[in-house]
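A short reminder: the numbers here are calculations on the coordinates, not readings from a lab. For clarity, every value in this text was computed on a predicted model and none was experimentally measured. Cβ sites come from the backbone with ideal geometry, for glycine too, and all protein chains shown count toward neighbours.
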Amino acid sequence: MTLWQLLRVGGFTMFILLSFSVLSLTIIIERCIYYRRRSKVKRQAFMMLIRKELEKGNIKGAVEVCKNTDTPFASVVYSGLNLHGHNEVVISNTMEREVTVETTKLERYTSIVGTIGSTAVYIGLFGTVLGIIRAFGDISASGSGGISVVINGISEALVCTALGLCVAVPAVIAYNYFVKRVDSFITDMELCASEAMDLLNIKPK
């Protein structure tokens, strides 16, 4: 069967699933590129540069390091360095808020992929049920048919379930991957915030 024939057999649920597939794939590609771009610099190397600058008392130098590093943890440390000289509680709260802001950016669109992964199978099953009902309805209306007709109708209806699985499985895998990556970013941000607080209390050499 051609793609157009499959779409006609599956009905409107096939178009819904195809739309979900395109949306899911678009978000997966966008998020993978975003995470890759924002994880080029390792946390240990970044904090080593920050430590060197702060041990020399060069706050501006540390700020420049943050500006030149496009990672979530750099934004967190940058927000703390900008308040150098303020109360520790103020600096800590500012960095915590920045962690929340960066986490929101990292989690953007991921819930859509998760929703597609959890609902695509059910939409496919719904299309299959409608297809089976339509097949039996056609047999009843014509007053004739046999096992071959029933089997053909059911096999055509199962196309929706197959497509639903094809959409859901990659979406679920991608969503779990996104959750793991976001958790990793959050851990790095919290570690950098904690280390930055300690470094800000180091007296310059």
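Going by neighbour counts of Cβ atoms within 10 Å, the residues F136, F20 line up, fewest first, as F136, F20. One decimal place: the segment F136-I59 gains 20.1 nm when fully extended, by the rule 0.36 nm per residue minus the C-alpha distance. Debye-formula intensities of region 48-129, expressed as log10 I(q)/I(0) at q = 0.11, 0.17, 0.22 Å⁻¹, are -0.46, -0.73, -1.01 (one equal scatterer per alpha-carbon, no solvent). Comparing L18, T100, Y34 along the charge dipole axis of region 1-136, the residue lying farthest to the positive side is L18, per the Cβ-charge model. Report the residues of region 100-132 in range of a label on N82: point 7 Å along Cα→C-beta, backbone N strictly under 20 Å from it. What the label zone holds, given the 20 Å backbone N cut-off, is 100-106. In region 76-120, the ratio of gyration radius to Kirkwood radius, Rg to Rh, stands at 1.31 when only Cα atoms are counted. For L165, L81, the sequence from fewest to most other C-beta atoms within 10 Å is L165, L81. Legend: ranking of residues D198, D70, D188 from fewest to most surrounding C-beta atoms inside 10 Å; resulting order D198, D70, D188. For the residue pairs K42/K105; K52/K105; K52/K180; K105/K180, the C-alpha atoms sit more than 24 angstrom apart in K52/K105; K52/K180.
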